[in-house]
């Protein structure tokens, strides 16, 4: 049998297939369909310091090869998560990573500190595509100085690993990855959603109540793979890259891996095929078996080694 296990920042994951934040709830809903302990990890829906109701409808719009969402980060808050959801999470035999966000640096820190004693949570994934109220609404992930300070501050307060989920809307992704690496991040997650919009030509109005939303799904795969490739080209194996964006089958997952991702997150595919993560896991295993590969690590970044360098 091929070895699909992955070890990152001192944590051993049984396989490289995770599910992405915002597309899998907190994992409990999927238990009606299959045993989620088969997954390498579950990345939870975003958690904030206080509960959030989210945006008004309409919050989702279908697009060619994808979808737009503007949910507004609805969640029960970190206290509600620990009281109502965490006891159920503890029963599942896989790792959980909590997606964390806030409107100030202090809120990010407080959420992480509240989760430090939750042993089932092995790492934090920072959603930096959130407005910083102290900077006039500028997104944390769009200002390199603010981003670096946020990561450095959190790393100075917590013991658990910190992953940073970067926005594809901020510009040069390599520069922002460098900021995170220099600030002490334990991993980079690529990518968050692309900003998009859809107008209903019958009503002649935008379909989302917020006008614009995050585009996800197979449509963004080439952008995500390109960004994974660029960041790996600069950093190699010195910083773990987790690939997310457009992954819906084995081929799309392997594109991320061959570009340099050590693990992948399945997101929007969960909505149209809830079994997609398991199919991808089985597909990767079969791919390795056909090529007589003993370890999944042999695939990571392999495309770089097969491309002639000038």
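Taken together, the values in this text are just the output of simple stated rules run on the coordinates, not laboratory data. Remember, it's a predicted structure, so these values are computed and weren't measured experimentally. For neighbour counting, all protein chains shown are included, and Cβ atoms are generated from backbone atoms with ideal geometry for every residue, glycine included.
Quick notes on this structure:
- Where only DSSP H runs of four or more residues are counted, the chain gives -8000 deg cm²/dmol as its mean residue ellipticity at 222 nm, each run worth -39500 (n - 2.57).
- Calculated FRET efficiency for the pair residue 200/residue 172, C-beta based, R₀ 30 Å, to 0.05: 0.30
- In terms of packing, defined here as the mean over residues of other Cβ atoms within 10 angstrom, the peptides 271-278, 55-62 line up highest first as 271-278, 55-62.
- Inter-part distance where the stretch 136-156 and the stretch 173-246 are each reduced to a Cα centre, Å: 17
- Value of Rg/Rh across the stretch 55-169 [Cα atoms, Kirkwood radius]: 0.99
- Cα-only Debye scattering, the chain: base-10 log of I(q)/I(0) at q = 0.10, 0.12, 0.14 Å⁻¹: -0.52, -0.76, -1.07
- 18, 229 arranged by Cβ crowding within 10 Å, fewest neighbours leading: 229, 18
- Packing around the peptides 165-171, 115-121, 19-25, taken as the average count of other Cβ atoms within 10 Å per residue, puts them in this order, highest first: 19-25, 165-171, 115-121.
- Across the stretch 124-230, Cα-Cα distances exceeding 20 Å account for 46% of all pairs.
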